[in-house]
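Asks: Mind looking over this structure? Questions follow.
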Amino acid sequence: SPRGGVEAEYLDLIEPGLDFVGGDFDVAVGEEHVPNRQHIARELVGFMHLDELPKELAALSNRRRTLIHRRLIRDVARIARLLHTNGLNHRDFYLNHFMLPRRDWRAWIGEDLGVHVIDLHRMQQREATPRKWVIKDISGLMFSAFDVQLTSRDWLRFLGEYWQRPWRECWSATRLWR
């Protein structure tokens, strides 16, 4: 069933093992006028949407951009896998629903990027994520990443991390879409 509202987002935030979720944390919830609940939330300050990243990285060397790019591919695939293996799907799984802290990318030395998923009210939860919702989520990511100009190897790296197998094996295992 769909998980709705900021209170569901908060419950999603504290769900064990899903440490990648982020977003607006409730400061207060007014229950008086249900169903028109009032929410006061704290904004993620100092974060950027993942689809803004290419502009931020434009001035970096190819090597540094590639390292950051590969780390992001791994992190986003890990998040997708954790969502789907925990019976969750996002229904609006695009790059602009991922956020990470702004930083000086020239000084990045391989530490955790701190990627978070936002708009958790879009989530649905079931015992197991149906294949159609996995396909929709992954397709949404692919669609939103067209402007990022990912290579076929980038997509194989993503699928390798998602399926937890060497990315070279994913070439013959791309039956997800068939």
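Asks: So who's got an amide H within less than 5 Å of the one on PHE47, skipping anything under 5 residues away but keeping other chains? H placed 1.01 Å off N, in plane.
Replies: Here ARG102 satisfy the definition.
Asks: Would you rank ASP112, ASP137, ASP119 by solvent-accessible area, highest first, keeping every protein chain in place and using a 1.4 Å probe? Write down the numbers at each step before the final one.
Replies: Details: ASP112 95, ASP137 0, ASP119 50 Å².
Reading off the accessible areas and sorting them downward yields ASP112, ASP119, ASP137.
Asks: While we're on this one: Using every pair of alpha-carbon atoms in segment 77-117, split the distances into 5 Å bins beginning at 0 and state the percent of pairs per bin, rounded to integers.
Replies: Result, from short to long distances: 5, 18, 26, 18, 16, 9, 6, 1 percent.
Asks: Just reorder ASP147, ASP75 by solvent-accessible area, largest first, 1.4 Å probe, all chains present. Spell out each step's value before the answer.
Replies: Numbers: ASP147 140, ASP75 10 Å².
Descending order: ASP147, ASP75.
Asks: Also, I was wondering about something else. Net charge around ARG157, counting only other residues with Cβ within less than 14 Å of its Cβ (Lys, Arg = +1; Asp, Glu = -1)?
Replies: Values: positive: ARG70, ARG71, ARG74, ARG78, ARG81, ARG153, ARG165, ARG168; negative: ASP75, ASP154, GLU161, GLU169.
Net charge around ARG157: +4.
Asks: Accessible area per residue of segment 81-178 at 1.4 Å probe, in Å²?
Replies: Values: 5450 Å² over 98 residues.
On a per-residue basis, 56 Å².
Asks: Two decimals is fine: what is log10 I(q)/I(0) at q = 0.15, 0.23 Å⁻¹ for segment 74-178, from a Debye sum with one equal scatterer on every Cα and no solvent?
Replies: Reported log10 I(q)/I(0), two decimals: -0.67, -1.43.
The values are calculated or read from the model by the stated rules, or taken from the named source; none is laboratory data. These numbers come from a predicted model, not from an experiment. Ideal geometry is used to build each Cβ from the backbone, glycine not excepted, and the neighbour counts take in all protein chains shown. For the accessible areas, the whole protein counts, side chains as well, though only heavy atoms, and no ligand, DNA or RNA atoms are used. Shrake-Rupley method; radii C 1.70, N 1.55, O 1.52, S 1.80 Å.
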